Protein chains: 2
Amino acid sequence: MYIPTYEDMLAAHDRVRPHIRQTPVRSSDFLNELTGAQLFFKCENFQEPGAFKVRGAANAVFGLSDEQARRGVATHSSGNHASCLSYAAMLRGIPCNVVMPRTAPQAKKDTVRRYGGVITECEPSTSSREATFAKVQEATGGDFVHPYNDPRVIAGQGTCAREFMEQTGGLDMVVAPIGGGGMISGTCLTLSRLAPETQVIAAEPEQADDAYRSFKAGHIIADDAPKTIADGLLVPLKDLTWHFVKTHVSEIYTASDAEIVTAMKLIWKHLRVVMEPSSAVPLATVLKNPGAFRGKRVGIIITGGNVDLDKLPWIQGV
Amino acid sequence: MYIPTYEDMLAAHDRVRPHIRQTPVRSSDFLNELTGAQLFFKCENFQEPGAFKVRGAANAVFGLSDEQARRGVATHSSGNHASCLSYAAMLRGIPCNVVMPRTAPQAKKDTVRRYGGVITECEPSTSSREATFAKVQEATGGDFVHPYNDPRVIAGQGTCAREFMEQTGGLDMVVAPIGGGGMISGTCLTLSRLAPETQVIAAEPEQADDAYRSFKAGHIIADDAPKTIADGLLVPLKDLTWHFVKTHVSEIYTASDAEIVTAMKLIWKHLRVVMEPSSAVPLATVLKNPGAFRGKRVGIIITGGNVDLDKLPWIQGV
């Protein structure tokens, strides 16, 4: 297991900078008053393909040798990694094959296809996903870019925290959603060197709280098919992300689906940005644990903005 | 009639800078490909009270003498000017009275009250609005800050175009929605001096096209109670804004309510910002008149983001 380093993150930043956006940081007096904290929201939903995952994907795609690149890339993903890898592959002009649960939101499938990604559907469970992927990869020979358990991906995601610290001039804590742990791991990688006094806090849906239980138990616990509205956070930790979680994460907080929807609507209303339920988990946990955040400078990563606008969770109980 | 000058705009910028945000400029490869133009969106919906009108309101409020300020301010508005004037008055700690149509969106009324504004409701027509306002102003003695036909307000709105040109490094044209004409007038004021080669184009709902008809006829035509989904654009031109429209505007384009909703959803999906129907009229007119914009650097002002999230126009035909 190769653990990516701070220098890998710096190299990733140089590699991906021409292909990604330096996303803006937003704040809201209303949300600051509501929480008693000074909240800074890093809008990774404003990346062209709509999620931070373009950072890790671009780092993997643009790091391939020409010979590797000709065979393209392949992955499995609940959505945003698939879109972002397809997007990065399109920018380099190479093929991209993705295995995706048939239950993934239509908006995410549409985005993958718009960027030229070829989708093979699987059942919405980790086991089906991995079995289907093995077949696809054998058939295509594409370089496997895991959605998070890949040092290239983690180093790429770490570039976000570097920008975030530069843009805000320092933070007491950074809160990001945790699914497989790619963004959290990249954040730990960067901040443990750049700002070791800044706490890294993970936010997870109660209904897919395997990372929380892993953190408390001291070893990886994986669920096969959790169900939550935060559809970007269904996957379990793997060895590489577990390394960063157990070494550098200060705390993992959880929130219910109802609390996630409440936080999502607050962000749409007061920050006026369109983001997906997974990205609302950090604010939901801040609202639920006010004492942990009051008076602090808190960075929140809005991880993605690919949501089905025809099915908003606060309208007619969809 | 005092016509505000470029120097008034510069003074306004110095006055309001501590109280407003320099809003980011967003773009989308998808929307650029769709239109064949290079589109730059200035996100005035990201102002704390959710609209560009905080610029003109803050210029008026912070320009008052202490003696005037004690009596507060008063206005009539279909919504965003009311919120923004209340917000600016709250920042200075002075009273704000607003007359508002009873049909204005609940979200806009809530925002006014959150900022301490006192609402008196009127019928949704220009005549009822003006009659009700006369009574309120007599009772309170507040300084009348007209939503657009006020040199202080126009000078304040003009600060947006100044930032926009600095942020983009130059534009071939700027497209903004037109209701009463405050933003368009401020844009004309600034660009006629700062970038006289940049065209100013107004975008108007077909169902409230009084500015378009005025522009073609050569004199102000006012409708009493137009109805369109673009609820921020219901009011007519007045002498001061008509001066700028007839002198500096290159063209006025119109779009139907259905076209406005289509453009609104495209912006939510691809720019991932929450904005109100009025702010979608510029993109609707760009999509409708592609030949006028293809190959150009086009600035679009997203004027406001106060929308009722429970009643989105593309869901169940609300």
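For chain B, take the longest principal axis of its alpha carbons; what is the angle in degrees between that and the long axis of helix B:151-168, to the nearest 10 within 0 to 90? Helix B:151-168 sits roughly 30 degrees off the main axis of chain B. As a calculated quantity, the FRET efficiency between B:A217 and B:M1 at R0 = 25 Å, using C-beta atoms, amounts to about 0.80.
Distance to the A-onto-B rotation axis is smallest for one chain A Cβ; residue and value in angstrom are A:P24, 2. Put in order of Cβ neighbour count within 10 Å, fewest first, the listed residues A:L234, B:L312 become B:L312, A:L234. Using a 7 Å projection from Cα along Cα-to-Cβ, the label point at B:D310 is separated from the same position in the remaining copies by 2.4 nm, smallest value first. Here the 3J(HN,Hα) profile of region A:134-141, calculated from phi with Karplus coefficients 6.51, -1.76 and 1.60 at θ = phi - 60°, is 4, 5, 4, 5, 4, 6, 9, x Hz, Gly and Pro shown as x. Highest mean first, the peptides A:276-282, A:130-136 sorted by other C-beta atoms within 10 Å per residue fall in the order A:276-282, A:130-136.
Summing Cβ point charges (Lys, Arg +1; Asp, Glu -1) relative to the Cα centre of chain B gives a dipole of roughly 500 debye.
Averaged over peptide A:28-34, the number of partner chain Cβ atoms lying within 10 Å of each residue's Cβ comes to 1. Counting Cβ atoms of other protein chains within 10 Å of each residue's Cβ and taking the mean over peptide A:309-315 gives 4.
Counting Cβ atoms of other protein chains within 10 Å of each Cβ in B:266-277 and taking the mean gives 5.
Each of A:S128, A:S77 has some number of other Cβ atoms within 10 Å of its Cβ, and from fewest to most they run A:S128, A:S77.
Once you divide the Cα radius of gyration of region B:54-144 by 2.2 N^0.38 Å, the number left is 0.98.
Where a number appears in this text, it was derived from the coordinates with a stated rule and is not lab data. Remember, predicted model here, so these are calculated numbers, not experimental data. Please note: Cβ atoms are built from the backbone with ideal geometry, for glycine as well, and neighbour counts cover all protein chains shown.
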